[in-house]
Amino acid sequence: MSTQLITADTLRFTTAGSVDDGKSTLIGRLLYDTKSILEDQLSSIEKTTTRRGGKFDNGVDLSLFTDGLAAEREQGITIDVAYRYFTTIKRRFIIADTPGHEQYTRNMVTGASTADLSIILVDASKGLQTQSRRHAVIASLLGIPHVVLAVNKMDLVDYSEDVFESIRAEFVAFCKQLHFAELDFIPLSALEGDMIVERGDKLGWYRGKTLLALLETSSATERTERVKGEFRFPVQLVGRTKMGRDGGYRGYLGRIESGHITVGDSVKVLPSGIEARVQDIVLLNDSLRTAAAPQSVTLVLDRQIDISRGDMIVHVGKEPRVTNQITANLSWLSAQPLATNRQYLIKHTTQSVRAIFEGIDYRLNVNTLEREAGVTTFKLNDIGRVRLKTLRPLMVDSYDVTRETGSFILIDEVTNETVAGGMILGEAANG
Amino acid sequence: MSAVLKDGGKYEPAYRPTVLNDVVASDHLDWLESEAIHIMREVVAETKNPALLFSGGKDSIVMLRLAEKAFRPDGFPFPLLHIDTEHNFAEVIAFRNLRAAELGERLIVRSVQDSINAGRVVLRRADESRNVHQTVTLLDAIKEFEFDALFGGARRDEEKARAKERILSHRDEFGQWDPKNQRPELWDLYNARVHKGEHIRAFPISNWTELDVWQYIARENLQVPGIYFAHERLVVERNGLLAPITEITPPRAGEKPVTRTVRFRTVGDITCTCPVLSTAADISAILTETAVSRITERGATRMDDQTSDASMELRKKEGYF
């Protein structure tokens, strides 16, 4: 007997849509048909289906699998992002299942921030909704390379190719103003199980892949692969024990956020600008010759330098922008509106510094993509472009080049709440 | 793109993709490991007084290995903490003590029995499970040592309340979790800030599955307590589970104990942790068994989750692990 254990790559994707679009059923179907729902979970769902008088084939309401907390059932809503895991022979998957009620933007931004791919769900019988456009805009702003528009409930429109084509045409037109490396469209019925894992026999006119096949073959993970960028090593902590060749140097603990590093490389420490060479790359008992993103390691340099948390080690000549003025797309996540006359704490890589607002350029109307000028505050779910000034310089790249050094959060120091997420724009936006 | 497990053989990954045609090997365990190390270091950097929950179970054994990778050659920048119901398997407790001593790290043990003696925990029946009462002892320990962060080995794949929990989960001054009011957690930018008296629960292996944990134990060649492997044990069948018969958990009226070959998939309080039928005698066999199992880890083993749909959610809200 031998068993295959998967060590393949992991695709992280979000599912965006409301309960009405059949999102819960879609995820339930995906998990059920890939045999990712285990027996005790299934029997628990069966019991609940019966208790609530629900019906489904095999006596199971698949939407109940993603049914979350008691607190949610009481209110009939999904509260928060839920993470789910499944594996096929080709790939491992992490789903960030984001709800579609009034806090949708906040939740979708949270889910999208770590995603390679986003499934936007549309009800075929209702067509594109405001919400579908909003999801597309957020996916674009968050830099998700691959978007799949899943046109669900095809069974309600007699599996009509015309209905599918008109939704597709409308979405393509809308997306002209957005940026996706890949955009796919699938007609499906989560309820009947058509085109999720199995093709079914009702959608013969559709020649493309099933949803699972798309997920298994998406090249989005290559686009979000961090090893290809410039070397960025934000220092998390400084070791106490002296190490290195003569036992005379400190180790710098951190994670390679992008790029790679080899022993002997010339590096520069920012913001001080002092240069050194890499003497050792340590991971517990191993000395590595080379390490790459996203590895967590300890770096030892060949000279004594005063380095602390928040500093960044980079390759000489391949440096990020060192600046205390940034322009960014900001997504406001708090019920407490933005007060531009207040200071907020900005957390960027391993630095936390105070920041003040220099101005709001505009708020983006996510339904029309119109830029609304003259705005003085952001409320919950608002997105727009802002200018910030920080107390100490940050080492930044633009978000579309390197997510890890191009993203930040804002924290309200009074409540300790995370109030916003930001995506730093390139220097051109500073003009 | 897979690793092959041969009968009786050691687990060897058959596929390790390389990048930049160099020695940079990476598979999903490396990714999970790196993420966990990053989280541990962030929490240590951003809190004043963290501790790491260590029970001697497999998830916390993995956590200790990750802490070694994150902080050696330094000592751990936190003590280990165990909340002991004193209804734990003697073998696991012995393993706990041995492992802490091997690592040379400080182990703090706080006992539910002490909480009972002090009148902080009141049992309705002398023989009831102490599992739920750990919350009192845990929160008392947090207060005693003024911990502002606790590392736990909980995983999101375990249970639906866990599936919705952040990697850094904020607890108020009563130790409570408010699932409706969680901090948004974007990218890998963690917000560990708390007011005095509050604390953070940090779950560095949130994204791991049961299979990942065993694969990592195999790869790192980590020791685990013997009760994870197949052994003969006196059990009774109760509510579809196998309940272990011990001094603390004698058979109930009318129950007939039988000897079965079993192993534990999860290790916790004796009164609510059940073994499963298994002949898996080594890590390789456990990997095979885990890969093909059709029952979830908690579903096969935990009496405490059978009370209701929302058992874990309710316990968590009150400050449970």
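The set of residues in segment B:167-182 that are crowded, with 19+ Cβ neighbours inside 10 Å, at pLDDT below 90 and either of a type outside the set (A, V, I, L, M, F, W, C) or in the same structural domain as B:T296 (by TED's automatic domain parsing) (or both) comprises B:G175, B:P179, B:Q182. If you check B:A70, B:A36, B:A51 for being touching a Pro at 6+ places or on another chain (Cβ under 6 Å), within 17 Å of B:F203 (Cα to Cα), within 9 Å of chain A (Cβ to nearest Cβ) and not polar (S, T, N, Q), only one passes: B:A36.
B:Q134 passes every criterion in (1) under 15 Å from the mean Cα position of the chain (by Cα); (2) surrounded by fewer than 22 Cβ atoms within 10 Å (Cβ to Cβ); (3) within 20 Å of B:V112 (Cβ to Cβ) apart from (2). Looking across segment A:149-185, the residues that are closer than 14 Å to A:G127 by Cα and either outside the structural domain of A:S36 (by TED's automatic domain parsing) or in a strand (DSSP E or B) (or both) come down to A:L149, A:A150, A:V151, A:N152, A:F185. Remark: pairs (first residue in segment A:193-219, among the β-branched types (V, I, T); second residue surrounded by fewer than 19 Cβ atoms within 10 Å (Cβ to Cβ) and not in a loop (DSSP other than H, G, I, E, B); Cβ separation under 9 Å; 6+ apart in sequence or on different chains) = A:I196/A:D33; A:V197/A:D33; A:V197/A:A213; A:T210/A:E198.
Considered as a group, the residues in segment B:169-194 that are among the polar types (S, T, N, Q) and facing another protein chain (nearest Cβ under 7 Å) include one that is nearest to B:L150 (Cα to Cα), and that residue is B:N191. Taking the listed residues A:T87, A:T130, the one that is over 15 Å from A:L30 (Cβ atoms) and of a type in the set (S, T, Y) is A:T130, with no other qualifying. Please indicate, with yes or no, whether at least one residue in segment A:338-351 is part of a strand (DSSP E or B), facing another protein chain (nearest Cβ under 10 Å) and among the basic types (K, R). Among the residues of segment A:338-351, at least one is part of a strand (DSSP E or B), facing another protein chain (nearest Cβ under 10 Å) and among the basic types (K, R), which makes the answer yes.
Are any of the residues in segment B:285-293 modelled with pLDDT under 85 and either away from every other protein chain (no Cβ under 14 Å) or in a loop (DSSP other than H, G, I, E, B) (or both)? Among the residues of segment B:285-293, at least one is modelled with pLDDT under 85 and either away from every other protein chain (no Cβ under 14 Å) or in a loop (DSSP other than H, G, I, E, B) (or both), which makes the answer yes. Looking only at segment A:265-290, residues that are of a type in the set (G, A, S), surrounded by fewer than 17 Cβ atoms within 10 Å (Cβ to Cβ) and under 16 Å from A:K318 (Cβ atoms) come to 2 in all. In segment A:56-114, of all residues being among the hydroxyl-bearing types (S, T, Y) and at pLDDT below 80, the one that is surrounded by the fewest Cβ atoms within 10 Å (Cβ to Cβ) corresponds to A:Y104.
Could you tell me which residue of segment B:108-126 is modelled with the lowest pLDDT, considering only residues that are under 22 Å from B:A243 (Cβ atoms) and loosely packed, with under 12 Cβ neighbours inside 10 Å? Checked segment B:108-126; the qualifying residue modelled with the lowest pLDDT is B:A126.
The set of residues in segment A:1-34 being at pLDDT below 80 and over 17 Å from A:S118 (Cα atoms) consists of A:M1, A:S2, A:T3, A:Q4, A:L5, A:I6, A:T7, A:A8, A:D20. In this structure, B:L241 does satisfy being of a type in the set (A, V, I, L, M) and in contact with a helix residue (DSSP H, G or I) (Cβ under 9 Å, 6 or more places away or on another chain).
Among the residues of segment A:300-321, the ones that are at the interface with chain B (Cβ under 9 Å from one of its Cβ atoms) and in a strand (DSSP E or B) come to 0 in all. Taken over segment A:177-192, the criterion of being of a type in the set (S, T, N, Q), touching a residue at least 40 places away in the same chain (Cβ under 8 Å) and closer than 20 Å to A:L26 by Cβ is satisfied by no residue. Of the set (1) more than 25 Å from B:D59 (Cα to Cα); (2) more than 14 Å from chain A (Cβ to nearest Cβ), all apply to B:N239 but (2).
Restricting attention to segment A:296-316 and to residues that are at pLDDT below 95 and either of a type outside the set (A, V, I, L, M) or assigned by TED's automatic domain parsing to the domain that holds A:T405 (or both), the residue that is farthest from A:G247 (Cα to Cα) turns out to be A:D306. Out of A:V297, A:V227, one residue alone is crowded, with 20+ Cβ neighbours inside 10 Å and within 11 Å of chain B (Cβ to nearest Cβ). It is A:V297.
Among the conditions (1) within 21 Å of the chain's Cα centre (by Cα); (2) outside any helix (DSSP H, G or I), A:E222 misses just one, which is (2). Answer yes if at least one residue in segment B:236-243 is surrounded by fewer than 17 Cβ atoms within 10 Å (Cβ to Cβ) and not in a loop (DSSP other than H, G, I, E, B), and no otherwise. There is at least one residue in segment B:236-243 that is surrounded by fewer than 17 Cβ atoms within 10 Å (Cβ to Cβ) and not in a loop (DSSP other than H, G, I, E, B). Can you tell me which residues in segment B:35-50 are small (G, A, S) and crowded, with 23+ Cβ neighbours inside 10 Å? Across segment B:35-50, the qualifying residue is only B:A36. Within segment A:352-374, can you find the residues that are hydrophobic (A, V, I, L, M, F, W, C), free of Cβ contacts under 8 Å to residues at least 60 places away in the same chain and in a loop (DSSP other than H, G, I, E, B)? Selection gives A:A373 alone. Quick check on segment B:57-68. Is at least one of its residues touching a helix residue (DSSP H, G or I) at 6+ places or on another chain (Cβ under 7 Å) and farther than 25 Å from B:K316 by Cβ? Within segment B:57-68, one or more residues are touching a helix residue (DSSP H, G or I) at 6+ places or on another chain (Cβ under 7 Å) and farther than 25 Å from B:K316 by Cβ.
Beta carbons closer than 6 Å, at least 6 apart along the sequence or on distinct chains, pair a first residue in segment A:157-176 that is at pLDDT 95 or above with a second that is charged (D, E, K, R) and surrounded by fewer than 18 Cβ atoms within 10 Å (Cβ to Cβ) for A:Y159/A:K202. For A:R387, the criteria (1) modelled with pLDDT of 95 or more; (2) within 14 Å of chain B (Cβ to nearest Cβ) hold in every case but one, which is (2). Among the residues of segment A:133-156, the ones that are free of Cβ contacts under 8 Å to residues at least 40 places away in the same chain and over 18 Å from A:T25 (Cα atoms) come to 1 in all.
Only a single item in (1) modelled with pLDDT under 90; (2) in contact with a His (Cβ under 9 Å, 6 or more places away or on another chain); (3) buried (at least 20 other Cβ atoms within 10 Å of the Cβ) is not met by B:I248, and it is number (3).
Looking across segment A:375-431, the residues that are touching a Leu at 6+ places or on another chain (Cβ under 8 Å), touching a residue at least 60 places away in the same chain (Cβ under 8 Å) and among the small types (G, A, S) come down to A:S407, A:A420, A:G421, A:G422.
Selection within segment A:262-285: residues that are closer than 26 Å to A:T221 by Cβ and facing chain B (nearest Cβ under 10 Å). The member of this set that is modelled with the lowest pLDDT is A:L283.
The values are calculated or read from the model by the stated rules, or taken from the named source; none is laboratory data. For clarity, every value in this text was computed on a predicted model and none was experimentally measured. Neighbour counts are summed over all protein chains in view; Cβ atoms, including those assigned to glycine, are modelled from backbone coordinates with ideal geometry.
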